[in-house]
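Q: Got a structure for you, questions after.
The values are calculated or read from the model by the stated rules, or taken from the named source; none is laboratory data. Quick caveat: nothing in here was measured; it's all calculated off a predicted structure. Cβ placement follows ideal geometry from the backbone for every residue including glycine, while neighbour counts extend to all protein chains displayed. For the accessible areas, the whole protein counts, side chains as well, though only heavy atoms, and no ligand, DNA or RNA atoms are used. Shrake-Rupley method; radii C 1.70, N 1.55, O 1.52, S 1.80 Å.
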Amino acid sequence: MASQPNRKIAAAVVRDDVEHKQRLLDRAFALAFRCLVYAQIWEDPVVDMEALAIEPGNRIATIASGGCNVFSYLVADPAEIIAVDLNTAHVALNHLKRVAIQRLPNYDSFRRFFAEADNGANIGDYHAFVRSHLDDTTRRYWEGRDLRGRRRISGFAHGLHKRGLLGGFIGLAHLVARLHRVDPRQFLEARTLEEQRAIFDAKFAPFFDRRFIRWITDQRSSLFGLGIPPAQYDALADGKPMADVLRARLEKLACDFPLEENYFAWQAFGRRYGRGAKAPLPPYLQAENHAVVRDRAARVTMLHANMTDMLAAADAASFDRYVFLDAQDWMSDVQLTALWTEVSRTARPGARVLFRTAAEPSLLPGRLPEALLDRWEYRDQASRDYTRRDRSAIYGGVHLYVLKAA
(Lines give C-alpha, C1' and ligand atoms only; values in the text may rest on other atoms or scores of the structure.)
Protein backbone atom coordinates (compact mmCIF):
# COMPACT_ATOMS: atom_id res chain seq x y z
CA MET A 1 0.00 0.00 0.00
CA ALA A 2 2.84 2.42 0.77
CA SER A 3 4.71 2.06 -2.49
CA GLN A 4 1.72 2.64 -4.76
CA PRO A 5 0.87 6.07 -3.33
CA ASN A 6 4.52 6.99 -3.62
CA ARG A 7 4.49 6.04 -7.31
CA LYS A 8 1.41 8.19 -7.90
CA ILE A 9 2.95 11.18 -6.14
CA ALA A 10 6.35 10.67 -7.76
CA ALA A 11 4.73 10.56 -11.19
CA ALA A 12 3.14 13.93 -10.45
CA VAL A 13 6.15 15.81 -9.06
CA VAL A 14 9.41 14.18 -10.20
CA ARG A 15 10.59 15.94 -13.34
CA ASP A 16 12.52 14.07 -16.02
CA ASP A 17 13.82 17.17 -17.81
CA VAL A 18 15.94 18.61 -14.97
CA GLU A 19 19.43 17.91 -13.70
CA HIS A 20 20.12 15.10 -11.27
CA LYS A 21 20.25 17.34 -8.18
CA GLN A 22 16.79 18.72 -8.92
CA ARG A 23 15.37 15.24 -9.47
CA LEU A 24 16.73 14.23 -6.05
CA LEU A 25 14.90 17.19 -4.49
CA ASP A 26 11.74 16.21 -6.33
CA ARG A 27 12.03 12.66 -4.99
CA ALA A 28 12.63 13.97 -1.46
CA PHE A 29 9.44 16.00 -1.72
CA ALA A 30 7.50 12.99 -3.03
CA LEU A 31 8.69 11.00 -0.02
CA ALA A 32 7.65 13.76 2.41
CA PHE A 33 4.28 14.12 0.68
CA ARG A 34 3.33 10.50 1.42
CA CYS A 35 2.37 11.45 4.98
CA LEU A 36 -0.44 13.75 6.12
CA VAL A 37 0.34 17.19 4.74
CA TYR A 38 -2.71 19.36 5.37
CA ALA A 39 -4.90 18.82 8.43
CA GLN A 40 -6.77 21.87 7.16
CA ILE A 41 -6.83 23.27 3.65
CA TRP A 42 -5.29 26.67 2.80
CA GLU A 43 -7.59 27.92 0.05
CA ASP A 44 -10.46 30.24 0.94
CA PRO A 45 -13.78 28.39 0.35
CA VAL A 46 -15.83 31.61 0.49
CA VAL A 47 -13.89 32.97 -2.49
CA ASP A 48 -14.16 29.56 -4.16
CA MET A 49 -17.94 29.41 -3.91
CA GLU A 50 -18.38 32.93 -5.21
CA ALA A 51 -16.10 32.27 -8.17
CA LEU A 52 -17.59 28.87 -8.97
CA ALA A 53 -21.20 30.12 -8.69
CA ILE A 54 -22.29 26.58 -7.79
CA GLU A 55 -25.90 25.84 -8.70
CA PRO A 56 -28.21 23.06 -7.48
CA GLY A 57 -27.63 20.00 -9.66
CA ASN A 58 -23.99 20.83 -10.48
CA ARG A 59 -21.36 18.09 -10.45
CA ILE A 60 -17.98 19.21 -9.10
CA ALA A 61 -14.56 17.67 -9.67
CA THR A 62 -12.03 18.84 -7.10
CA ILE A 63 -8.76 17.96 -5.47
CA ALA A 64 -9.53 17.01 -1.86
CA SER A 65 -6.52 18.07 0.24
CA GLY A 66 -7.68 18.40 3.88
CA GLY A 67 -11.34 18.39 2.88
CA CYS A 68 -12.42 21.73 4.41
CA ASN A 69 -13.46 23.11 1.03
CA VAL A 70 -14.96 19.86 -0.25
CA PHE A 71 -17.50 19.80 2.56
CA SER A 72 -17.96 23.57 2.56
CA TYR A 73 -19.13 23.41 -1.08
CA LEU A 74 -22.10 21.33 0.12
CA VAL A 75 -23.61 24.55 1.49
CA ALA A 76 -24.20 25.59 -2.16
CA ASP A 77 -26.27 22.42 -2.83
CA PRO A 78 -24.38 20.67 -5.67
CA ALA A 79 -25.70 17.28 -6.78
CA GLU A 80 -22.33 15.53 -6.41
CA ILE A 81 -18.70 16.25 -5.55
CA ILE A 82 -15.98 13.91 -6.82
CA ALA A 83 -12.90 14.63 -4.70
CA VAL A 84 -9.56 13.08 -5.70
CA ASP A 85 -6.17 13.08 -4.06
CA LEU A 86 -2.84 11.33 -4.59
CA ASN A 87 -2.16 11.34 -0.85
CA THR A 88 -3.73 8.40 1.01
CA ALA A 89 -3.67 10.36 4.29
CA HIS A 90 -5.84 13.07 2.73
CA VAL A 91 -8.20 10.42 1.37
CA ALA A 92 -8.48 8.90 4.86
CA LEU A 93 -9.09 12.32 6.43
CA ASN A 94 -11.90 13.07 3.97
CA HIS A 95 -13.52 9.68 4.57
CA LEU A 96 -13.34 10.33 8.32
CA LYS A 97 -14.90 13.77 7.94
CA ARG A 98 -17.76 12.46 5.83
CA VAL A 99 -18.66 9.70 8.27
CA ALA A 100 -18.19 11.93 11.34
CA ILE A 101 -20.46 14.60 9.87
CA GLN A 102 -23.17 11.99 9.42
CA ARG A 103 -22.70 9.99 12.63
CA LEU A 104 -21.62 12.30 15.47
CA PRO A 105 -24.70 13.04 17.58
CA ASN A 106 -24.81 16.85 17.37
CA TYR A 107 -23.06 20.02 16.25
CA ASP A 108 -21.16 20.45 19.51
CA SER A 109 -19.49 17.04 19.19
CA PHE A 110 -18.70 17.69 15.53
CA ARG A 111 -17.18 21.10 16.29
CA ARG A 112 -15.15 19.66 19.16
CA PHE A 113 -13.83 16.89 16.89
CA PHE A 114 -12.70 19.00 13.93
CA ALA A 115 -12.60 22.66 15.01
CA GLU A 116 -10.94 22.07 18.38
CA ALA A 117 -9.43 18.64 17.64
CA ASP A 118 -7.64 18.58 20.98
CA ASN A 119 -9.99 16.87 23.43
CA GLY A 120 -9.85 13.30 24.74
CA ALA A 121 -13.64 13.07 24.42
CA ASN A 122 -13.12 12.93 20.65
CA ILE A 123 -11.51 9.52 20.95
CA GLY A 124 -14.51 8.21 22.85
CA ASP A 125 -16.82 9.64 20.19
CA TYR A 126 -14.73 8.02 17.48
CA HIS A 127 -15.22 4.59 19.01
CA ALA A 128 -18.87 5.14 19.92
CA PHE A 129 -20.21 6.78 16.77
CA VAL A 130 -17.71 6.74 13.88
CA ARG A 131 -15.41 3.72 13.85
CA SER A 132 -17.92 1.04 12.87
CA HIS A 133 -19.07 3.07 9.84
CA LEU A 134 -15.62 3.51 8.30
CA ASP A 135 -14.31 1.33 5.50
CA ASP A 136 -11.50 -1.02 6.45
CA THR A 137 -8.76 1.00 4.75
CA THR A 138 -9.72 4.24 6.49
CA ARG A 139 -10.09 2.52 9.86
CA ARG A 140 -6.66 0.91 9.53
CA TYR A 141 -5.13 4.27 8.69
CA TRP A 142 -6.52 6.09 11.73
CA GLU A 143 -5.83 3.24 14.12
CA GLY A 144 -2.33 2.73 12.75
CA ARG A 145 0.72 4.58 13.98
CA ASP A 146 2.63 7.51 12.56
CA LEU A 147 6.42 7.81 12.24
CA ARG A 148 6.66 8.75 15.92
CA GLY A 149 4.70 5.71 17.02
CA ARG A 150 1.52 7.61 17.91
CA ARG A 151 -1.88 6.26 16.93
CA ARG A 152 -3.06 8.65 14.26
CA ILE A 153 -6.54 9.02 15.74
CA SER A 154 -4.92 10.38 18.91
CA GLY A 155 -4.26 13.59 16.99
CA PHE A 156 -7.86 14.57 17.69
CA ALA A 157 -7.09 14.49 21.41
CA HIS A 158 -3.84 16.43 21.24
CA GLY A 159 -4.27 19.04 18.50
CA LEU A 160 -4.61 17.60 15.00
CA HIS A 161 -3.93 21.03 13.48
CA LYS A 162 -0.41 20.86 14.89
CA ARG A 163 0.26 17.60 13.02
CA GLY A 164 0.93 16.84 9.41
CA LEU A 165 3.67 18.36 7.30
CA LEU A 166 2.12 21.82 7.39
CA GLY A 167 1.39 21.69 11.12
CA GLY A 168 4.98 20.69 11.78
CA PHE A 169 6.27 23.47 9.52
CA ILE A 170 4.22 26.10 11.35
CA GLY A 171 5.41 24.69 14.68
CA LEU A 172 9.03 24.90 13.55
CA ALA A 173 8.47 28.46 12.35
CA HIS A 174 7.08 29.34 15.79
CA LEU A 175 10.14 27.80 17.45
CA VAL A 176 12.59 29.69 15.24
CA ALA A 177 10.67 32.92 15.82
CA ARG A 178 10.75 32.48 19.61
CA LEU A 179 14.50 31.78 19.46
CA HIS A 180 14.74 35.22 17.85
CA ARG A 181 12.53 36.70 20.60
CA VAL A 182 9.40 36.92 18.47
CA ASP A 183 6.25 35.18 19.74
CA PRO A 184 3.75 34.66 16.89
CA ARG A 185 0.91 34.21 19.39
CA GLN A 186 1.27 37.86 20.36
CA PHE A 187 -0.37 38.77 17.08
CA LEU A 188 -3.66 37.26 18.27
CA GLU A 189 -3.91 40.01 20.92
CA ALA A 190 -4.64 42.60 18.20
CA ARG A 191 -8.16 44.05 18.28
CA THR A 192 -8.15 46.21 15.16
CA LEU A 193 -6.53 46.24 11.73
CA GLU A 194 -4.36 49.13 12.92
CA GLU A 195 -3.07 47.03 15.81
CA GLN A 196 -2.47 44.10 13.46
CA ARG A 197 -0.38 46.37 11.20
CA ALA A 198 1.58 47.78 14.14
CA ILE A 199 2.46 44.31 15.48
CA PHE A 200 3.45 43.05 12.04
CA ASP A 201 5.68 46.06 11.30
CA ALA A 202 7.36 45.93 14.72
CA LYS A 203 7.74 42.19 15.25
CA PHE A 204 7.42 40.20 12.06
CA ALA A 205 8.64 42.29 9.13
CA PRO A 206 12.21 42.68 10.53
CA PHE A 207 12.39 38.93 11.18
CA PHE A 208 12.78 38.30 7.44
CA ASP A 209 15.90 40.48 7.27
CA ARG A 210 17.87 38.17 9.55
CA ARG A 211 20.75 36.48 7.78
CA PHE A 212 19.83 32.97 8.92
CA ILE A 213 16.22 33.34 7.77
CA ARG A 214 17.30 34.60 4.36
CA TRP A 215 19.74 31.74 3.97
CA ILE A 216 17.38 28.97 5.05
CA THR A 217 14.48 30.20 2.91
CA ASP A 218 16.77 30.27 -0.13
CA GLN A 219 16.97 26.46 0.08
CA ARG A 220 14.35 24.80 -2.13
CA SER A 221 13.68 22.12 0.47
CA SER A 222 12.82 24.72 3.12
CA LEU A 223 9.21 25.01 1.94
CA PHE A 224 8.42 21.29 1.71
CA GLY A 225 6.44 21.78 4.91
CA LEU A 226 4.10 24.13 3.04
CA GLY A 227 3.51 21.41 0.44
CA ILE A 228 5.60 23.33 -2.09
CA PRO A 229 7.76 21.12 -4.36
CA PRO A 230 10.93 22.46 -6.01
CA ALA A 231 9.16 23.31 -9.28
CA GLN A 232 6.59 25.42 -7.44
CA TYR A 233 9.31 27.04 -5.32
CA ASP A 234 10.80 28.58 -8.46
CA ALA A 235 7.39 29.91 -9.52
CA LEU A 236 6.78 31.36 -6.07
CA ALA A 237 10.17 33.07 -5.92
CA ASP A 238 9.86 34.48 -9.46
CA GLY A 239 13.49 35.59 -9.33
CA LYS A 240 13.17 37.35 -5.95
CA PRO A 241 14.72 36.35 -2.61
CA MET A 242 12.29 33.93 -0.99
CA ALA A 243 12.43 35.78 2.34
CA ASP A 244 11.02 38.88 0.63
CA VAL A 245 8.26 36.87 -1.03
CA LEU A 246 7.27 35.20 2.23
CA ARG A 247 7.28 38.53 4.07
CA ALA A 248 4.89 40.00 1.49
CA ARG A 249 2.53 37.01 1.72
CA LEU A 250 2.59 37.08 5.54
CA GLU A 251 1.94 40.82 5.47
CA LYS A 252 -1.25 40.25 3.48
CA LEU A 253 -2.35 37.51 5.88
CA ALA A 254 -1.60 39.66 8.91
CA CYS A 255 -2.75 43.08 7.77
CA ASP A 256 -5.46 42.85 5.09
CA PHE A 257 -8.23 41.01 6.99
CA PRO A 258 -9.64 41.46 10.52
CA LEU A 259 -8.67 38.63 12.86
CA GLU A 260 -12.32 38.02 13.74
CA GLU A 261 -12.95 37.10 10.09
CA ASN A 262 -9.81 35.17 9.18
CA TYR A 263 -9.34 31.67 10.53
CA PHE A 264 -6.21 31.25 8.39
CA ALA A 265 -4.47 33.85 10.56
CA TRP A 266 -5.50 31.92 13.68
CA GLN A 267 -3.92 28.79 12.26
CA ALA A 268 -0.73 30.62 11.27
CA PHE A 269 -0.21 32.57 14.49
CA GLY A 270 -2.01 30.35 17.01
CA ARG A 271 -1.77 26.87 15.47
CA ARG A 272 -5.51 26.38 16.02
CA TYR A 273 -8.91 27.82 15.23
CA GLY A 274 -10.24 30.52 17.52
CA ARG A 275 -12.44 29.62 20.48
CA GLY A 276 -15.96 30.77 21.21
CA ALA A 277 -19.24 30.96 19.31
CA LYS A 278 -18.09 33.91 17.18
CA ALA A 279 -14.70 32.48 16.18
CA PRO A 280 -14.12 32.40 12.39
CA LEU A 281 -14.42 28.91 10.90
CA PRO A 282 -14.72 27.33 7.44
CA PRO A 283 -18.35 27.10 6.28
CA TYR A 284 -18.63 23.35 6.96
CA LEU A 285 -17.75 23.92 10.63
CA GLN A 286 -20.19 26.79 11.20
CA ALA A 287 -23.23 26.02 13.34
CA GLU A 288 -25.70 27.51 10.89
CA ASN A 289 -24.52 25.14 8.14
CA HIS A 290 -24.31 21.94 10.16
CA ALA A 291 -27.70 20.48 9.25
CA VAL A 292 -27.33 20.92 5.49
CA VAL A 293 -23.73 19.68 5.44
CA ARG A 294 -24.77 16.58 7.43
CA ASP A 295 -27.73 15.89 5.17
CA ARG A 296 -25.68 16.31 1.97
CA ALA A 297 -22.44 14.60 3.07
CA ALA A 298 -23.33 11.44 1.12
CA ARG A 299 -23.00 13.47 -2.10
CA VAL A 300 -19.19 13.46 -1.66
CA THR A 301 -17.27 10.64 -3.35
CA MET A 302 -13.60 10.29 -2.40
CA LEU A 303 -11.11 8.68 -4.78
CA HIS A 304 -7.41 7.95 -4.44
CA ALA A 305 -6.67 9.02 -7.99
CA ASN A 306 -5.02 11.47 -10.34
CA MET A 307 -7.44 14.18 -11.56
CA THR A 308 -6.64 13.61 -15.24
CA ASP A 309 -7.16 9.85 -14.92
CA MET A 310 -10.47 10.34 -13.11
CA LEU A 311 -11.73 12.69 -15.81
CA ALA A 312 -10.53 10.38 -18.59
CA ALA A 313 -12.79 7.66 -17.17
CA ALA A 314 -15.79 10.01 -16.93
CA ASP A 315 -18.51 10.54 -19.53
CA ALA A 316 -18.39 13.48 -21.92
CA ALA A 317 -20.23 16.60 -20.71
CA SER A 318 -20.54 15.26 -17.17
CA PHE A 319 -19.10 18.02 -14.93
CA ASP A 320 -20.00 21.65 -14.27
CA ARG A 321 -17.27 22.88 -11.93
CA TYR A 322 -13.58 22.02 -11.50
CA VAL A 323 -11.21 22.98 -8.68
CA PHE A 324 -7.49 22.24 -9.09
CA LEU A 325 -6.07 24.08 -6.06
CA ASP A 326 -2.41 24.74 -6.98
CA ALA A 327 -1.68 21.31 -8.49
CA GLN A 328 -0.99 22.70 -11.96
CA ASP A 329 2.12 24.44 -10.62
CA TRP A 330 3.61 20.94 -10.43
CA MET A 331 2.76 19.98 -14.00
CA SER A 332 4.73 19.84 -17.22
CA ASP A 333 3.24 21.17 -20.46
CA VAL A 334 2.37 17.62 -21.48
CA GLN A 335 0.52 17.01 -18.20
CA LEU A 336 -1.31 20.34 -18.45
CA THR A 337 -2.45 19.56 -21.99
CA ALA A 338 -3.69 16.11 -20.97
CA LEU A 339 -5.62 17.60 -18.05
CA TRP A 340 -7.29 20.38 -20.03
CA THR A 341 -8.11 18.02 -22.90
CA GLU A 342 -10.15 15.95 -20.45
CA VAL A 343 -11.62 19.04 -18.79
CA SER A 344 -12.80 20.32 -22.17
CA ARG A 345 -14.25 16.92 -23.08
CA THR A 346 -16.13 16.46 -19.79
CA ALA A 347 -17.29 20.08 -19.37
CA ARG A 348 -20.95 20.95 -19.64
CA PRO A 349 -22.07 24.33 -21.10
CA GLY A 350 -21.13 27.16 -18.76
CA ALA A 351 -18.52 25.06 -16.92
CA ARG A 352 -16.11 26.90 -14.62
CA VAL A 353 -12.53 26.02 -13.64
CA LEU A 354 -10.87 27.56 -10.59
CA PHE A 355 -7.22 27.19 -9.61
CA ARG A 356 -4.43 28.95 -7.77
CA THR A 357 -0.81 29.65 -8.64
CA ALA A 358 2.22 30.50 -6.55
CA ALA A 359 3.14 33.26 -9.00
CA GLU A 360 0.68 36.00 -9.93
CA PRO A 361 -0.13 35.29 -13.62
CA SER A 362 -2.13 32.38 -14.94
CA LEU A 363 0.26 29.66 -16.06
CA LEU A 364 -1.84 28.47 -19.03
CA PRO A 365 -1.00 30.99 -21.82
CA GLY A 366 1.94 29.76 -23.86
CA ARG A 367 1.78 26.29 -22.32
CA LEU A 368 -1.53 24.91 -23.61
CA PRO A 369 -2.15 24.50 -27.35
CA GLU A 370 -3.83 27.67 -28.58
CA ALA A 371 -6.88 25.83 -29.95
CA LEU A 372 -7.46 24.19 -26.56
CA LEU A 373 -7.03 27.35 -24.50
CA ASP A 374 -9.23 29.30 -26.91
CA ARG A 375 -12.23 27.25 -25.79
CA TRP A 376 -12.05 28.97 -22.41
CA GLU A 377 -12.59 32.59 -21.37
CA TYR A 378 -10.26 33.93 -18.70
CA ARG A 379 -12.06 36.23 -16.26
CA ASP A 380 -9.15 38.57 -15.65
CA GLN A 381 -10.71 41.30 -13.52
CA ALA A 382 -12.71 38.84 -11.44
CA SER A 383 -9.60 36.74 -10.88
CA ARG A 384 -7.69 39.76 -9.61
CA ASP A 385 -10.51 40.48 -7.18
CA TYR A 386 -10.63 36.89 -5.94
CA THR A 387 -6.85 36.99 -5.41
CA ARG A 388 -7.16 40.17 -3.38
CA ARG A 389 -9.91 38.72 -1.18
CA ASP A 390 -8.47 35.23 -0.62
CA ARG A 391 -7.91 35.27 3.16
CA SER A 392 -5.30 32.50 3.11
CA ALA A 393 -3.03 35.06 1.43
CA ILE A 394 -0.36 32.56 0.40
CA TYR A 395 -1.04 32.41 -3.34
CA GLY A 396 0.03 34.85 -6.00
CA GLY A 397 -3.07 34.29 -8.11
CA VAL A 398 -6.60 32.89 -7.98
CA HIS A 399 -7.78 32.19 -11.54
CA LEU A 400 -11.20 31.58 -13.06
CA TYR A 401 -11.84 30.18 -16.55
CA VAL A 402 -15.34 29.77 -18.05
CA LEU A 403 -16.19 27.55 -21.02
CA LYS A 404 -17.17 29.63 -24.04
CA ALA A 405 -20.48 29.02 -25.74
CA ALA A 406 -20.21 26.62 -28.67
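Q: If you take the residues in the stretch 218-245 that are part of a helix (DSSP H, G or I) and among the acidic types (Asp, Glu), which one is modelled with the lowest pLDDT?
A: Selected residue: Asp234.
Q: I've got another one for you. Does Val75 fit the bill of being closer than 18 Å to His290 by Cβ, assigned to a helix (DSSP H, G or I), open to solvent by 10 Å² or more (accessible area, probe 1.4 Å) and in contact (Cβ under 8 Å) with a residue 12 or more places away in the chain?
A: Values: closer than 18 Å to His290 by Cβ: yes; assigned to a helix (DSSP H, G or I): yes; open to solvent by 10 Å² or more (accessible area, probe 1.4 Å): yes; in contact (Cβ under 8 Å) with a residue 12 or more places away in the chain: yes.
Spelling it out, Val75 is indeed closer than 18 Å to His290 by Cβ, assigned to a helix (DSSP H, G or I), open to solvent by 10 Å² or more (accessible area, probe 1.4 Å) and in contact (Cβ under 8 Å) with a residue 12 or more places away in the chain.
Q: Can you tell me how many residues within the stretch 340-351 are in contact with a helix residue (DSSP H, G or I) (Cβ under 7 Å, 6 or more places away or on another chain) and either surrounded by 23 or more Cβ atoms within 10 Å (Cβ to Cβ) or in a loop (DSSP other than H, G, I, E, B) (or both)? Full working, then the answer.
A: Pass one, the stretch 340-351, residues in contact with a helix residue (DSSP H, G or I) (Cβ under 7 Å, 6 or more places away or on another chain): 340-344, 346.
This time we only want the ones that are either surrounded by 23 or more Cβ atoms within 10 Å (Cβ to Cβ) or in a loop (DSSP other than H, G, I, E, B) (or both), so: 340, 343.
Here the count works out to 2.
Q: Please go through (1) open to solvent by 60 Å² or more (accessible area, probe 1.4 Å); (2) under 23 Å from Gly274 (Cβ atoms); (3) not polar (S, T, N, Q) for Ile199 and return the number of the only condition it doesn't satisfy.
A: Answer for Ile199: the failing condition is (1).
Q: Still on this structure, please answer the following. Among the residues that make up the stretch 246-257, is at least one of them outside any helix (DSSP H, G or I) and outside the structural domain of Pro361 (by the TED database)? First the steps, then the outcome.
A: Kept after step one, since they are outside any helix (DSSP H, G or I), are these residues of the stretch 246-257: 256-257.
Still in the list and also outside the structural domain of Pro361 (by the TED database): 256-257.
Yes - at least one qualifying residue is present in the stretch 246-257.
Q: Only one residue in Arg294, Arg299 is modelled with pLDDT of 95 or more, in contact with a strand residue (DSSP E or B) (Cβ under 6 Å, 6 or more places away or on another chain) and not hydroxyl-bearing (Ser, Thr, Tyr). Which one?
A: Arg299
Q: Kindly indicate which of Gly124, Gly67 is open to solvent by 30 Å² or more (accessible area, probe 1.4 Å) and of a type outside the set (S, T, N, Q).
A: Testing whether each residue is open to solvent by 30 Å² or more (accessible area, probe 1.4 Å) and of a type outside the set (S, T, N, Q) leaves just Gly124.
Q: Next question, about the same structure. If I filter the stretch 280-291 down to residues being open to solvent by less than 50 Å² (accessible area, probe 1.4 Å) and in contact (Cβ under 8 Å) with a residue 24 or more places away in the chain, which single residue comes out as farthest from Pro56 (Cα to Cα)?
A: If we take residues in the stretch 280-291 being open to solvent by less than 50 Å² (accessible area, probe 1.4 Å) and in contact (Cβ under 8 Å) with a residue 24 or more places away in the chain, then Leu281 is farthest from Pro56 (Cα to Cα).
Q: Would you point out the residue of the stretch 352-387, among those that are of a type in the set (Gly, Ala, Ser) and at pLDDT 95 or above, that is least open to solvent (accessible area, probe 1.4 Å)?
A: Result: Ser383.
Q: Would you pick out the residues in the stretch 102-143 that are basic (Lys, Arg) and either without any contact (Cβ under 8 Å) to a residue 40 or more places away in the chain or on the phi > 0 side of the Ramachandran plot (or both)?
A: At the first step, the residues of the stretch 102-143 found to be basic (Lys, Arg) are 103, 111-112, 131, 139-140.
Answer for the stretch 102-143, where residues must be basic (Lys, Arg) and either without any contact (Cβ under 8 Å) to a residue 40 or more places away in the chain or on the phi > 0 side of the Ramachandran plot (or both): Arg103, Arg112, Arg131, Arg139, Arg140.
Q: Given the options Val37, Val13, Val47, Val18, name the one that is of a type in the set (Val, Ile, Thr) and modelled with pLDDT of 95 or more.
A: Going through Val37, Val13, Val47, Val18 in turn, the sole match is Val47.
Q: I'd like to verify a number: residues in the stretch 86-113 that are outside any loop (DSSP other than H, G, I, E, B) and open to solvent by 10 Å² or more (accessible area, probe 1.4 Å), how many? Give the steps one after another, and end with the answer.
A: Our first condition is that a residue be outside any loop (DSSP other than H, G, I, E, B); within the stretch 86-113, this holds for 88-103, 107-113.
Applying the additional criterion that residues be open to solvent by 10 Å² or more (accessible area, probe 1.4 Å) yields 88, 91, 95, 98-99, 102-103, 107-108, 111-112.
Looking only at that region, the number is 11.
Q: Could you tell me which residue of the stretch 144-175 is modelled with the lowest pLDDT, considering only residues that are among the hydrophobic types (A, V, I, L, M, F, W, C) and exposed (fewer than 15 other Cβ atoms within 10 Å of the Cβ)?
A: That would be Leu147.
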